[in-house]
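These notes are about the structure you will find just below.
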Amino acid sequence: MNNDTNLFIEVASSQKIKSGESISGDTCIISSNDSKNRITLILSDGLGSGIKAAVLSSLTTSMALRLFQNCGDCVSVTETIMKTLPVCSVRKISYATFTMVEIQEKRLVRVVEYDNPPIVVFRGGDLIEKEKQYFKFEHPILGEQKFSYMEFELQLGDRLICFSDGVTQSGMGERKYNFGWQWENAVLYISEVISSDPDVSARDLSDKIISKAWANDVFQAKDDITCACVYCRKPRKLLVVTGPPYDEQKDSYIAYVLKNYPGKKIICGGTTANIIARELGKEIKVDINDRSDDLPPIAYMEGVDLVTEGVITLSKLFRRLESLNQVSMQGVLRPSNLIDKMALLFLHSDVICFLVGTRINEMHQNPDLPVELDIRRNIVRRIKEILERRFLKEVQIEFV
Amino acid sequence: MKKKITVQICTGTNCYVFGGANLLDLEKNLPSEVKEKVEVKGATCLGFCKDKKYGKAPFVLVEDELVSEADVHKVIKKVMQYVDKVVD
Ligand code: FES
């Protein structure tokens, strides 16, 4: 029963780069396979900082991702990775550490940890300890090496939080934390955040942890600071209605769906908004003073979170989403800007349903048009693809 | 006091790309003695773009008179015809 649409796995990561460096030596990737029944998260910390560390950690994450995704046996995969990775023969340590989290069918969690701070597991507001198995093997250069493996059943409300040592060691040498923030204090902080906001998203939690660690370092990160969170929860839903239905008989249908949808609602398109307003007996108010980004102004309708123009706005939204990545995207989005506000509504949702009307607006095909307007269906398809691939959202499209 | 003259600027996609964007600042361009007699509103697609008989976008409604291929000058001219009728 776990594998239903009432559960959603949110995964998010955040990062601060070591002060003075231009690239992070930690790498974190989040990926889902094509059939979307498996999510893999890998966080690797490369030895040192800067380019060299970045190369080492991205080498580790991409190798680990391929192997874990294609091979069932975590233990032998981990041994292979550890034997293959370059090592520092002087310091007799591996060049990169890593944590791998895999979630299958929204149910089975498997975690492999090699030398990173231990993963934190919360069930609701409680820290829980899952039994770990430890594996040892002989490394040709480094000698005996150890890593841990654990698996358990994921439940609604579970959170998994992993971070690089830039988090646990933050604040080291500062007056408050002589030995750094340390794992225990990080856990304490996480439990405070969860108890003050029991529904805190993976996105916000990882941003908060990063900000706190950065503050410990007095806003000059002494090492790369990276955190990734997984949160299993009920999905937050968003409905986007765009375009008039092909058949006018369906006008009442789109209005009905919008009215009864359990989640946030956006209407993209003036004609669409007119149809819904007419069907539901609502009023639309256009605020011509509220304009940003060279876009037609937004409008207001009771019961709808956002009413915008259609194809121009959707095209811009697509380009904006394309310019973002998973890591710390929140910081760059400004809610005062229409497209960013819209992007935030999408990114703060887990399941997004598009109800796309297919009536062609002949005027949009007009050769005299000063700008080229894309066909609504194509833009929506492209938005769906990027939301699924890059942001791991569940997206459905219904054409009417 | 008499009712204000209503001006509705279409902000639908067609009107917007055909120059409606420039009309959104109409209010600023109104002569100051006229400004208080006029209410400028935005509107979602007014429907005129769907039928050639109404002429070309952008469309503006001044009270219930349609201005097609509207620009700031055309709209102000039309508004002025009404201003003369609205005497307080
Ligand atoms: S877009 Fe202005 S009348 Fe249709």
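The values are calculated or read from the model by the stated rules, or taken from the named source; none is laboratory data. Computed from a prediction, not measured in an experiment: that's the story for all the values here. Heads up, the Cβs are rebuilt from the backbone with ideal geometry, glycines too, and the neighbour counts pull from every protein chain shown. Protein only, heavy atoms only, side chains kept; ligands, DNA and RNA dropped before computing areas. Shrake-Rupley method; radii C 1.70, N 1.55, O 1.52, S 1.80 Å.
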(message) Per DSSP helix of 4 or more residues, -39500 (n - 2.57); summed, then divided by the residues of chain A. What does that give at 222 nm, rounded to the nearest 500?
(response) -9500 deg cm²/dmol
(message) Less than 12 Å Cβ to Cβ from A:D223, Lys/Arg counted +1 and Asp/Glu -1: what total charge do the surrounding residues give?
(response) -3
(request) Quote the FRET efficiency, to the nearest 0.05, computed for A:Q104 versus A:L333 with a Förster distance R0 of 51 Å and r equal to the Cβ-Cβ distance. (result) 0.95
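Using the structure shown, select from A:K92/A:K132; A:K18/A:K234; A:K16/A:K341; B:K53/B:K77; A:K106/A:K285; A:K259/B:K4 the pairs with a Cα to Cα distance greater than 31 angstrom. Intermediate results must be reported in sequence, preceding the final value.
Numbers: A:K92/A:K132 25 Å; A:K18/A:K234 35 Å; A:K16/A:K341 24 Å; B:K53/B:K77 22 Å; A:K106/A:K285 42 Å; A:K259/B:K4 35 Å.
Violating the 31 Å Cα-Cα cut-off are A:K18/A:K234; A:K106/A:K285; A:K259/B:K4.
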(request) Just tell me how shielded A:313-319 is by partners: mean number of partner chain Cβ atoms within 10 Å of each residue's Cβ, no decimals. (result) 0
(message) From the phi angles alone, apply the Karplus equation (6.51, -1.76, 1.60; θ = phi - 60°) to the stretch A:171-181 and give each ³J(HN,Hα) in whole Hz, x where the residue is Gly or Pro.
(response) x, 4, x, 6, 4, 5, 10, 4, 9, x, 4
(message) Tell me the total accessible area that B and A bury against each other, 1.4 angstrom probe, in square angstrom rounded to 100.
(response) 1700
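Rounded to the nearest 20 Debye, what is the dipole magnitude of chain A about its Cα centre when Lys and Arg each give +1 and Asp and Glu each give -1 at the C-beta? Each step should come with its number before you reach the end.
On the way: 50 positive and 54 negative charges, 36 e Å.
Roughly 180 debye, rounded to the nearest 20.
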(request) Provide the per-residue ³J(HN,Hα) series for the stretch A:384-400, in order, calculated from phi with Karplus coefficients 6.51, -1.76, 1.60 and θ = phi - 60°, each as a whole number of Hz, with x at glycine and proline positions. (result) 4, 4, 6, 5, 6, 6, 8, 10, 6, 8, 9, 10, 10, 10, 10, 8, 10
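List the trypsin sites (Lys or Arg not before Pro) in the stretch A:152-220 that DSSP assigns to loop (not H, G, I, E or B) and whose Cβ has at most 16 other Cβ atoms within 10 Å. Which are they? Show your work: numbers first, answer last.
On the way: sites: A:R159, A:R175, A:K176, A:R203, A:K208, A:K212; in loops: A:R175, A:K176.
Listed in order of number, the matching sites are A:R175, A:K176.
Please list, by residue number, every one of the chymotrypsin sites (Phe, Trp or Tyr not before Pro) in the stretch A:130-222 that is coil in DSSP and has at most 13 other beta-carbon atoms within 10 Å. Before the final figure, lay out each step's value.
Working: sites: A:Y134, A:F135, A:F137, A:F147, A:Y149, A:F152, A:F163, A:Y177, A:F179, A:W181, A:W183, A:Y189, A:W214, A:F219; in loops: A:Y177, A:F179, A:W181, A:F219.
Qualifying residues, ordered by number: A:F179, A:F219.
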(request) Take every residue in peptide B:37-49, count the Cβ atoms of other chains within 10 Å of its Cβ, and give the average of those counts. (result) 5
(message) Between B:V38, B:V17, B:V67, where does the largest GNM mean-square fluctuation fall for chain B, given springs only between Cα atoms within less than 10 Å?
(response) B:V17
(request) Indicate, rounded to the nearest 5 percent, the antiparallel portion of the DSSP beta bridges found entirely in the protein assembly as shown. (result) 70
(message) Give me the three principal axis extents of chain B from the C-alpha atoms, as integers in angstrom, largest value leading.
(response) 38, 23, 19
(request) For A:L108, enumerate residues with amide H under 5 Å from its amide H, sequence gap 5+ or separate chain, H modeled in the peptide plane. (result) A:L154
(request) Could you size up the charge dipole of the stretch A:237-399 around its Cα centre, putting +1 on the beta carbon of Lys and Arg and -1 on that of Asp and Glu, and report it in debye to the nearest 20? (result) 480
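With all pairs of different alpha carbon atoms counted, what Kirkwood hydrodynamic radius in Å does chain A show? Mind dumping the intermediate values first?
Working: mean 1/r = 0.0434 Å⁻¹.
Answer for chain A: a Kirkwood hydrodynamic radius of 23.0 Å.
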(message) Quick one: the Cα spread of the stretch A:8-233 along its three principal axes, in angstroms, biggest first?
(response) 48, 41, 30
(request) Enumerate the calculated ³J(HN,Hα) couplings along the stretch A:198-214 in order (Karplus 6.51 cos²θ - 1.76 cosθ + 1.60, θ = phi - 60°), each rounded to whole Hz, writing x wherever the residue is Gly or Pro. (result) x, 9, 3, 6, 4, 4, 5, 5, 5, 4, 5, 4, 4, 5, 5, 4, 5
(message) Just to confirm, what accessible area per residue do you get for the protein assembly as shown at 1.4 Å probe, in whole Å²?
(response) 47
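Taking the convex hull of the Cα atoms, report for the stretch A:176-224 its projected area averaged over all directions, in nm². Let's see the in-between values first.
Numbers: hull surface 14.8 nm².
Answer in nm², one decimal: 3.7.
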